[in-house]
Amino acid sequence: MRASVRRELDGRGTGAAGYRHRMPLGLVMMEQGWITPAQLKQALEQQRAAGGGRLGHFLVRQQAVSEHLVTRALSLQWSCPVLPLLVHDPEALSSLLPRLFVDAFGVLPLRVAAGKLVYLGFEERLDAVLALALERMSGLRVESGLVHGSEFRPAHERMLKAVYPPVQLLEASSEPALVRALARAVERVRPVESRLVRVHDCLWLRMWKDAQPGPVPDAASVEDVIGSVGE
């Protein structure tokens, strides 16, 4: 456990978490000919007057563009697809991620394809760190994309109401204290398998109580621990 925690904490601030410059949304839409400079200026003024908010929201509100066109522009900005929601079954997907991550990081598991690929939907920006963590934890390849906001928000609310695996939250005073707490959790559950991955500033420990026949575990057969080291 000590070696696993050190491995994950040594990876903070590297890899997928690195900064990548992206063209501002308004410039993307102007370049595509979807809005005029006057429409962009008006939306930026409304954004400043409101003290913030999403630029796409103000463009839609002034009827300059549709919500679907804003999502298309965001997909160009992030170089990712726009994913269809299709038939969505929250209960069949809720064991992929802890509820805390679904809520805090604004992610929506959409579906698992052929037992090898899982699609993750986001409303306005991708989370490469979370996607990599899920790949490492589940063994599934993750494809991330954007979902139209009017479809994403009600589906995300339904997702949060699903049944999730039990989770324990830990905040330790030091790295050795976190190692001891995670080790005690493994000793308590005595899982057939366990994995530890980093998700932003926390560590996610998943413990499988029974061998699983498929890529998505039963919510009652796994237990999660989310731990962090306090400042």
Listed by first then second residue, the pairs whose first member lies in the stretch 116-133 and is closer than 20 Å to Ala92 by Cα and touching a residue at least 24 places away in the same chain (Cβ under 8 Å), whose partner is open to solvent by 50 Å² or more (accessible area, probe 1.4 Å) and of a type in the set (Lys, Arg), with beta carbons under 6 Å and at least 6 positions apart or on separate chains, are Leu117/Arg141; Tyr119/Arg111
Search the stretch 211-231 for residues that are open to solvent by less than 60 Å² (accessible area, probe 1.4 Å) and pair each with any residue that is in a loop (DSSP other than H, G, I, E, B) and β-branched (Val, Ile, Thr) when their beta-carbon atoms are under 6 Å apart and the residues are at least 6 apart or on different chains. Ala219/Val163
Are any of the residues in the stretch 161-178 closer than 26 Å to Ala113 by Cβ, open to solvent by 10 Å² or more (accessible area, probe 1.4 Å) and without any contact (Cβ under 8 Å) to a residue 60 or more places away in the chain? no
Only one of (1) buried (at least 19 other Cβ atoms within 10 Å of the Cβ); (2) among the aliphatic types (A, V, I, L, M); (3) modelled with pLDDT of 95 or more is not met by Met137, so which one is it? (1)
Among the residues of the stretch 196-228, write down those that are in contact with a helix residue (DSSP H, G or I) (Cβ under 7 Å, 6 or more places away or on another chain), under 18 Å from Ser94 (Cα atoms) and in a strand (DSSP E or B). Val199, Trp204, Leu205, Arg206, Met207, Trp208, Glu223, Val225, Ile226
From Ala162, Ala181, Ala131, Ala155, which residue is in a loop (DSSP other than H, G, I, E, B) and hydrophobic (A, V, I, L, M, F, W, C)? Ala162
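The values are calculated or read from the model by the stated rules, or taken from the named source; none is laboratory data. The shown structure was predicted, so the numbers you read here are calculated from the model rather than taken from an experiment. Positions of Cβ are backbone-derived with ideal geometry, glycine not excepted, and every protein chain shown enters the neighbour counts. Accessible surface is based on the protein model in full, side chains and every heavy atom, while ligands, DNA and RNA are left aside. Shrake-Rupley method; radii C 1.70, N 1.55, O 1.52, S 1.80 Å.
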